[in-house]
Amino acid sequence: MKLEVKNIRKSFGEKEVLHGVSFQVESGRALGLLGRNGAGKTTTIRILMDVFHANSGEILLDGKKFVPSNHRIGYLPEERGLYPKRTVLDQMIFLARLRGMNTGEARENAKKWLARLEVSEYETRKLETLSKGNQQKVQLAATLVTNPDIVILDEPFSGLDPVNSQILKDVVNELIADRRLVIFSSHQMSYVEEFCDNIAIINQGEVVLAGELREIKKDYGRNRLMLSAENYDQNRLAEKVEQEFGDLVSISGRKKEFLILELTEKGSRRKVMERLAGSDIEVERFGGYAPSLNDIFVAKVGEEE
Amino acid sequence: MKKIGIVLRYELKEYLESKGFVAFTIVLALVGAALLFLPRFIDMSDFTGVQVIGGEQQGDGQGESGEAGETGEKELYLYYDQAGVVREELLGQIFYGTDWRQAESREALTAAVEAQEAEAGFVVTGPVEYEYYVFNKSMSDNNTAMFDQAMKLFYRMDYCAENNMDLNEITAMYDVPITVSERILNKDSGSNYWYCYFLVIIVFMLIVMYGQMIAVAVTNEKSNRAIEVLVTSTTPNSLLFGKVIAGAISGLVQTGLIMGAVLISYQVNREQWGGMLDMFLHIPGDVLLSFAFFGLGGYLFYGFLYGAMGALVSKTEDVSKSSGGLQVVIMVVYFFSLLQLMNIDGPVIKVLSFLPVSSYSTMFARIAMGTVAPWEVVVSFLILAASIVGTGVLGARLYRMGTLRYGNPIKLSTALKDLKKSE
């Protein structure tokens, strides 16, 4: 399956909040929808789920108009909520039935997902009696209760402790391995980096960067190097680099343990290595710099602003 | 339709499994039934006019105090006759089942009444004048009216004696008995009025109570954020229709059980009650049927609107604000319906019985008390049914529109404008 979002525009009143959002994602791969708070991620997802209607643009699944009600979709909204006064199993069966399953299948699947998320013991309890973390897990189980082919998770890790986050990570990895189409919205880059093959960074209603994460990282790291020294602290090393290597590199950033250098037009890795070899710098760490998604995000969203 | 059924079953289960709902229904049905069985076990002849001794019905409902007089102590009344007109033996007949005694003086009479040794006392100061003494005068005290009657009789007797006239002849001429043979060819508004009155109140209470419950349930879904999961799992029509119909069924079950218990219990014990509650509880089947259909229709009509009103707010405490306008309409219809029961074939109630906002209570009242052609019932019901579908669809659209609009309550006018824009 291939889901394509093409040039979606959405206005609330006079204000346009999405200015032509486009991205695509395929089965067996996960797309990370990134953006700051209020960037337009949730609005995009709600349009995908037909909660809101787009003013223009189209959404296609395998080249045909995407109608959410014709597919089994697991949707975890940003605004979490189920029935607090109803029992866990009852409401999961209810939701599965609403999404087209018969009662037998619904019960079987509900029990399966509650077990997978380690909350089986609460199936006969009212939701409101569970801890917040367990309520989150029940909500995720309710999302996946129909074994959906398309899974859309809006900020799935918010409110989860590290142990529950690990369980969720495993589940998401299983979904991807099981060739489900996964769309994942977050502003927590580390999680996106773990699962997503593709990303789309949305800033102020526009996709400012989209594509395969590996390629994006490669592009961003192409002319960047990292450097640290045994005999210079970071400030002194930065001064020295600026004075003696300024024609070959510029300092583009600092990490706790090293400087990030960017090659100038005249610079190359080999030239920098030769220059280092001739200097009094005792190299502790030197090599190509692989940027984190966080670096890319900050750089991209920062640029746009 | 299938999805409506799923929502309906889920919502209905919540009502029927609610301990409060079950307890309220059972307790009210049992209490209602038990009260109506009382005359079988307790002597309520004072109230019903029918005495039950050892399970057998006695008496014919005549003379409330007379029955008490035969089985218990008679109430004592005093008189002090300064004019010399009183015939004590006649007082005993006019005030049936009472005991009369002449007081020695006005002071003695007053003291006995004050000490509550006598129920009341009369000091006759002239042939057409007397004073009445009572310790606490009750709302239903009609002693002066009865004593007036006695005084008039004494006066007539004295007059006839003085003028050598025959009192019996004159009385027979004045009180000539008239025989009436009544044949009601259609409805007896007098006897149907009270149960119509009560049915109007019941349907009004059902609409307000269950309507409010539906509105709160919808708002709860918004406030606990379940609504986004729901509207992405099925259509708003399924959600609202399922929810409202579930409320209607539970209301019907609850009212049916309570009313059924009360009506059947009364039917079983009607003789013991001497038919005195017929005006409330002896309801003909066709009226009950029309009440069920029109009442249910009115309930659904307003239920959808209540659901939509619930979707326009995010907090349950705002529900009353949002549904205030609707409540006013229901109240106005309620008062108009009750007022128009007095003029059941008048033009106002005729018009009201065709309007969907009011036909739920006025049409069955017309069926019970007035003259209504079958085509009128059919047309009124069709208008109501079409309006239910209309309000259902409009309600579902407002519900859908209000789904993710949190924060301040949305005004109905704003919501309708937004709906128009989105078309």
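The values are calculated or read from the model by the stated rules, or taken from the named source; none is laboratory data. The structure presented is a predicted model; accordingly, all values stated were derived computationally and were not measured. Neighbour counts are summed over all protein chains in view; Cβ atoms, including those assigned to glycine, are modelled from backbone coordinates with ideal geometry. For accessibility, only protein heavy atoms count, side chains too; no ligands or nucleic acids. Shrake-Rupley method; radii C 1.70, N 1.55, O 1.52, S 1.80 Å.
Numbers below:
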read-out	value
Helices (runs of 4 or more DSSP H) contained entirely in the stretch B:323-405, each with at least 2 residues that are of a type in the set (D, E, K, R) and within 30 Å of A:Thr43 (Cβ to Cβ)	B:374-402
Unique residue being at pLDDT below 90 and open to solvent by 10 Å² or more (accessible area, probe 1.4 Å) when the list is A:Asn102, A:Asn109, A:Asn70, A:Asn7	A:Asn70
Matching option when the condition is under 34 Å from the mean Cα position of the chain (by Cα), open to solvent by less than 50 Å² (accessible area, probe 1.4 Å) and at pLDDT 90 or above, among B:Ala68, B:Ala29	B:Ala29
Flag if A:Pro77 is open to solvent by less than 40 Å² (accessible area, probe 1.4 Å), in contact (Cβ under 8 Å) with a residue 60 or more places away in the chain and under 18 Å from A:Arg46 (Cβ atoms)	yes
Strands (runs of 3 or more DSSP E) wholly inside the stretch A:25-114 that include at least 1 residues being more than 28 Å from A:Val301 (Cβ to Cβ) and either touching a Cys at 6+ places or on another chain (Cβ under 8 Å) or β-branched (Val, Ile, Thr) (or both)	A:73-76
Scan of the stretch B:76-90 for residues that are open to solvent by 30 Å² or more (accessible area, probe 1.4 Å), in a loop (DSSP other than H, G, I, E, B) and over 23 Å from B:Ala115 (Cα atoms), ordered by number	B:Ala83, B:Gly84, B:Arg87
Hits in the stretch B:113-124 - residues which are out of contact with any Leu (no Cβ under 6 Å at 6 or more places or on another chain) and open to solvent by less than 50 Å² (accessible area, probe 1.4 Å)	B:Val113, B:Ala120, B:Phe122, B:Val123, B:Val124
From A:Lys41, A:Lys85, residue being closer than 28 Å to B:Gly407 by Cα, within 14 Å of another protein chain (Cβ to nearest Cβ) and among the basic types (Lys, Arg)	A:Lys85
Single residue of B:Ile207, B:Ile170, B:Ile184 found to be in contact with a Cys (Cβ under 8 Å, 6 or more places away or on another chain) and of a type in the set (A, V, I, L, M, F, W, C)	B:Ile170
Residue check for A:Phe184: modelled with pLDDT under 90, buried (at least 22 other Cβ atoms within 10 Å of the Cβ) and of a type outside the set (Ser, Thr, Tyr)	yes
Number of positions in the stretch B:300-346 that are within 21 Å of the chain's Cα centre (by Cα), polar (S, T, N, Q) and within 18 Å of B:Val357 (Cβ to Cβ)	3
Flag if B:Gly251 is surrounded by fewer than 19 Cβ atoms within 10 Å (Cβ to Cβ) and without any contact (Cβ under 8 Å) to a residue 60 or more places away in the chain	no
Test result for B:Leu384, touching a residue at least 60 places away in the same chain (Cβ under 8 Å) and buried (at least 22 other Cβ atoms within 10 Å of the Cβ)	yes
Residues of the stretch A:218-230 satisfying the condition of being modelled with pLDDT under 90 and more than 15 Å from A:Gly287 (Cβ to Cβ)	A:Asp219, A:Tyr220
Some residue of the stretch A:116-127 being within 9 Å of chain B (Cβ to nearest Cβ), in contact (Cβ under 8 Å) with a residue 24 or more places away in the chain and of a type in the set (Phe, Trp, Tyr)	no
Checking B:Ser181 against (1) farther than 30 Å from B:Asp286 by Cβ; (2) under 44 Å from the mean Cα position of the chain (by Cα), the condition it does not meet	(1)
Only one of B:Phe24, B:Phe47, B:Phe41 that is open to solvent by 60 Å² or more (accessible area, probe 1.4 Å), modelled with pLDDT of 90 or more and more than 14 Å from every other protein chain (Cβ to nearest Cβ)	B:Phe24
Residues satisfying the stated conditions in the stretch A:141-166, i.e. among the hydrophobic types (A, V, I, L, M, F, W, C) and more than 17 Å from the chain's Cα centre (by Cα)	A:Ala141, A:Ala142, A:Leu144, A:Val145, A:Val163
All positions within the stretch A:115-146 that are open to solvent by less than 20 Å² (accessible area, probe 1.4 Å), within 19 Å of A:Arg180 (Cβ to Cβ) and assigned to a helix (DSSP H, G or I)	A:Lys137, A:Gln139, A:Leu140, A:Ala141, A:Ala142, A:Thr143, A:Leu144
Scope the stretch B:259-275; condition buried (at least 16 other Cβ atoms within 10 Å of the Cβ) and among the aliphatic types (A, V, I, L, M); matching residues	B:Met259, B:Ala261, B:Val262, B:Leu263
Filter result (open to solvent by 90 Å² or more (accessible area, probe 1.4 Å) and among the aliphatic types (A, V, I, L, M)) within the stretch B:177-208	B:Ile178, B:Val180, B:Leu185, B:Met205
Verdict on A:Asp62 being within 20 Å of the chain's Cα centre (by Cα), open to solvent by 20 Å² or more (accessible area, probe 1.4 Å) and more than 12 Å from chain B (Cβ to nearest Cβ)	no
Test result for B:Arg397, within 23 Å of B:Gly242 (Cβ to Cβ), open to solvent by 70 Å² or more (accessible area, probe 1.4 Å), within 14 Å of chain A (Cβ to nearest Cβ) and in contact with a helix residue (DSSP H, G or I) (Cβ under 8 Å, 6 or more places away or on another chain)	yes
Count of residues meeting criterion [at pLDDT below 90 and out of contact with any strand residue (DSSP E or B) (no Cβ under 9 Å at 6 or more places or on another chain)] in the stretch A:245-265	3
Enumeration of residues in the stretch B:306-357 that are free of Cβ contacts under 8 Å to residues at least 60 places away in the same chain and open to solvent by less than 10 Å² (accessible area, probe 1.4 Å)	B:Gly346, B:Ile349, B:Ser353
Pairs with Cβ under 6 Å, 6+ apart, first in the stretch A:203-232 and touching a residue at least 40 places away in the same chain (Cβ under 8 Å), second open to solvent by less than 40 Å² (accessible area, probe 1.4 Å) and among the hydroxyl-bearing types (Ser, Thr, Tyr)	A:Gly221/A:Tyr289; A:Arg224/A:Tyr289; A:Leu225/A:Tyr289; A:Met226/A:Tyr289
